[in-house]
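The values are calculated or read from the model by the stated rules, or taken from the named source; none is laboratory data. Just so you know, these numbers come straight off a predicted model, no measurement behind them. Using ideal geometry, Cβ is built from the backbone for each residue, glycine included, and neighbour counts are taken over all protein chains shown.
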Amino acid sequence: MQGLAASIVGLIAASAKFIPWLIDISNKIADVPDSVRTMMLELNETSIILKGVQAYINEEEQVAAHRKSLISLENISITLTGFVVTYSDLEKHLDFVKAGDESSSFDRSK
């Protein structure tokens, strides 16, 4: 469980990094595509979901036993893997916004 919790913390941190980059893009580019704004909203919603999953894994909130049995750790793990792959791909697309001395969020977590 601690490994999953650590993964979630890393993903939340990556979201916190991506959103300012997207805001920077929005401010620098005239007529920024709607997809950039949509991406900012999706990242914000993803962060909210990840914080909820983190609370579940860390048992910060009471969950009824019948509801708990509906959620498997394998499914959470697969979902988190999907987030990591998606965030990594997004980071590649946002590389041009990063400052020259700034390393990848995922590189720093290794």
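One line per residue, one yes/no per condition, for (1) farther than 30 Å from residue 95 by Cβ; (2) of a type outside the set (Phe, Trp, Tyr); (3) touching a helix residue (DSSP H, G or I) at 6+ places or on another chain (Cβ under 8 Å); (4) exposed (fewer than 13 other Cβ atoms within 10 Å of the Cβ):
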{"residue": "8", "(1), (2), (3), (4)": "no, yes, yes, no"}
{"residue": "20", "(1), (2), (3), (4)": "no, yes, no, yes"}
{"residue": "33", "(1), (2), (3), (4)": "no, yes, no, yes"}
{"residue": "43", "(1), (2), (3), (4)": "no, yes, yes, no"}
{"residue": "48", "(1), (2), (3), (4)": "no, yes, no, yes"}
{"residue": "64", "(1), (2), (3), (4)": "yes, yes, no, yes"}
{"residue": "72", "(1), (2), (3), (4)": "yes, yes, no, yes"}
{"residue": "76", "(1), (2), (3), (4)": "no, yes, yes, no"}
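Do you know which of the residues in region 22-31 that are surrounded by 11 or more Cβ atoms within 10 Å (Cβ to Cβ) and not acidic (Asp, Glu) is farthest from residue 87 (Cα to Cα)?
My answer is 26.
So which of 74, 60 ends up being closer than 17 Å to residue 9 by Cβ, more than 18 Å from the chain's Cα centre (by Cα) and free of Cβ contacts under 8 Å to residues at least 60 places away in the same chain?
60
Test of understanding: among 92, 51, which residue is of a type in the set (Lys, Arg), in a helix (DSSP H, G or I) and modelled with pLDDT of 85 or more?
51
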